[in-house]
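The values are calculated or read from the model by the stated rules, or taken from the named source; none is laboratory data. It should be emphasised that the depicted structure is a prediction, and the values quoted were computed from it without experimental measurement. Backbone-built Cβ (ideal geometry, glycine too); neighbour counts: all protein chains shown.
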Amino acid sequence: MRSALTRFLALLLTLGLVAAACGGSGDGDDGADTNDPAAASSPDDDTGDEASATDGGDGASAGTAGDDDGAGDASAATATIDRTGEVIKVGYVNNEGGNISLPELRIGGQVAIGVINDAGGIHGARIEPVICLSDGTPESAINCAVKLIEEDVVMAYMGVELASEAALSLWLDAGIPYVSSHSWGPTERNSPGAFLLHVATGAFAVGPAKTFKELGIDHIAVVIQDSSTALDFMDNIIAPVLEHHGIKMTRVVVDIAAPDWTAAIAAAQSAGVEGMMGQLDEFGCIGMVGSAAASGFDKPIFAGSCTLYIDVLGPAAIGTYTQGDQWVPWVAEFAPPEIQERLDEYADHMTAAGHEQLIEGFGIAPYGAWREIEFILETIEGPITADSITDAFTNAGETPGWFGPNLRCGLAPWPPESSHCMSHIMVWQVVEADDGTLRRIVLGDGLFDAYELSGL
């Protein structure tokens, strides 16, 4: 399970995936619509109340999670609000039942919602998630948007929705704020009313550039799969970021359907590069790192945001670099003490909810996102409506991050992707421990502001 979260991070950079058929929505505590075939087929079709069995008393308000005094003041200012008996109905869309099926991105959020409700909710108001399972097709994304808008939800949360482009305008035209941990399509990255809590896509080009510069390397191969999205990212993000750091780039483009990794590595070697980075999916990272080892390529390799290759290739992965935007269980020892406590709390809540096997999986992203949403909802002094939630995000300023740095929703910390609330990332290196196992160590001081180093 250790590889699951970074497969999610790699997924953020390979968003050309879609599937087929339509999700349903449910009302009340049922979660997913039991008439929906995708919902019925999901063995993990848990409801927003599933975590009520957890030790919610340990779930501290997100208002205590930040390091800045302003956040604490805002929490104190709203402490007298009493919303007992109110219900905050939110739409929760997730890709399940199709070719892309990631129930973890629903389960982690529902566990967090259960913890929040058990700890008193939003000043006494319970969050009620209305679930709609989408299969990743435009038709299904639109169907979920229409159904949940008719349910009068006051916020739309995407666990993962790879067809978000098709439905985004429906949400925003209805005045309903669109929220997710990350972006699932290009339009939402610069859409007023869309709030993407974690790091901007462009930050994933800065981690490798910073690392290679610090290693004294000024010529690398960039290995990328042949798709319009990937090539656009290479030309408009990676290339200028590398140039800003004084690094020459040799492009190596591989066929998605029939990649020739031996030829790709040979092309890099013949160009005389001093290092190599991949902007690839998990299978691409396995091919690139494995072929590099087999070909005797002994220069530094940055495997994007991948991690599955570490488990698959074992010793061949030693010395390679990866990156992430949140503190996660496998680098918990390097995290600040308060983050370590939250990671332990997260593990306890997932275990109590019956999802121990998902602790190191995708569920950590929505879990953290909902603890961050909790704080922002608590700042609303009047009625909680779609408009007041939008205003709260827009005017949030700096608010506490749960597993990472503080958020800056509404302040555009990554101006080219203004909907994002964060611009920080960290770099990990794979090393061999004394007992022969592989582990990841965090380089430098951990999280750093990637936009400040991007040159964009």
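Against the numbered list (1) crowded, with 17+ Cβ neighbours inside 10 Å; (2) closer than 30 Å to Ala119 by Cα, Ala303 comes up short only at (2). Evaluate the following for Ala257: is it of a type in the set (A, V, I, L, M) and within 18 Å of Glu432 (Cα to Cα)? Taking the combined requirement at face value, the residue does not satisfy it.
Is it fair to say Arg251 is of a type in the set (Lys, Arg) and within 30 Å of Thr390 (Cβ to Cβ)? For Arg251, the condition - of a type in the set (Lys, Arg) and within 30 Å of Thr390 (Cβ to Cβ) - is not met. Of all the numbered requirements in (1) surrounded by 22 or more Cβ atoms within 10 Å (Cβ to Cβ); (2) more than 22 Å from the chain's Cα centre (by Cα); (3) among the aromatic types (Phe, Trp, Tyr), Trp261 misses one, and that requirement is (1). How about region 164-177: which of its residues are under 27 Å from His424 (Cβ atoms) and free of Cβ contacts under 8 Å to residues at least 24 places away in the same chain? Within region 164-177, Leu172 is the sole residue that qualifies.
Looking across Ile389, Ile384, one residue alone is crowded, with 20+ Cβ neighbours inside 10 Å and assigned to a helix (DSSP H, G or I). It is Ile389.
Against the list (1) at pLDDT below 95; (2) of a type outside the set (Phe, Trp, Tyr); (3) not in a helix (DSSP H, G or I), the condition Glu165 fails is (3). With the structure loaded, tell me whether Phe448 is at pLDDT 95 or above and assigned by TED's automatic domain parsing to the domain that holds Phe302 or whether it fails that test. For Phe448, the condition - at pLDDT 95 or above and assigned by TED's automatic domain parsing to the domain that holds Phe302 - is met. Pro315 satisfies every condition listed in (1) surrounded by fewer than 22 Cβ atoms within 10 Å (Cβ to Cβ); (2) outside the structural domain of Gly216 (by TED's automatic domain parsing) except (2). With the structure loaded, tell me whether Ile339 is at pLDDT 95 or above, within 16 Å of the chain's Cα centre (by Cα) and either more than 29 Å from Asp82 (Cα to Cα) or part of a helix (DSSP H, G or I) (or both) or whether it fails that test. The answer is no for Ile339. Considering region 169-200, the residues that are outside any helix (DSSP H, G or I) and among the β-branched types (Val, Ile, Thr) include one that is farthest from Val222 (Cα to Cα), namely Ile176.
Residues checked against (1) in the same structural domain as Ala292 (by TED's automatic domain parsing); (2) touching a residue at least 12 places away in the same chain (Cβ under 8 Å); (3) surrounded by fewer than 24 Cβ atoms within 10 Å (Cβ to Cβ):
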{"residue": "Val179", "(1), (2), (3)": "no, yes, no"}
{"residue": "Gly185", "(1), (2), (3)": "no, yes, yes"}
{"residue": "Asp226", "(1), (2), (3)": "yes, yes, yes"}
{"residue": "Asn236", "(1), (2), (3)": "yes, no, yes"}
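Scanning region 240-258 for residues that are within 27 Å of the chain's Cα centre (by Cα) and more than 27 Å from Leu453 (Cα to Cα) yields Val254, Asp255, Ile256, Ala257. Checked against (1) outside the structural domain of Gly185 (by TED's automatic domain parsing); (2) closer than 24 Å to Leu308 by Cα, Gly404 passes all but a single condition, namely (1). Residues in region 119-135 that are among the small types (Gly, Ala, Ser) and under 17 Å from Thr80 (Cα atoms): Ala119, Gly120, Gly121, Gly124, Ala125.
For region 297-315, the criterion of being under 28 Å from Asn395 (Cα atoms), assigned to a loop (DSSP other than H, G, I, E, B) and among the acidic types (Asp, Glu) is met by no residue.
One residue alone among Leu231, Leu215, Leu242 is surrounded by 21 or more Cβ atoms within 10 Å (Cβ to Cβ) and of a type outside the set (Asp, Glu), and that residue is Leu242.
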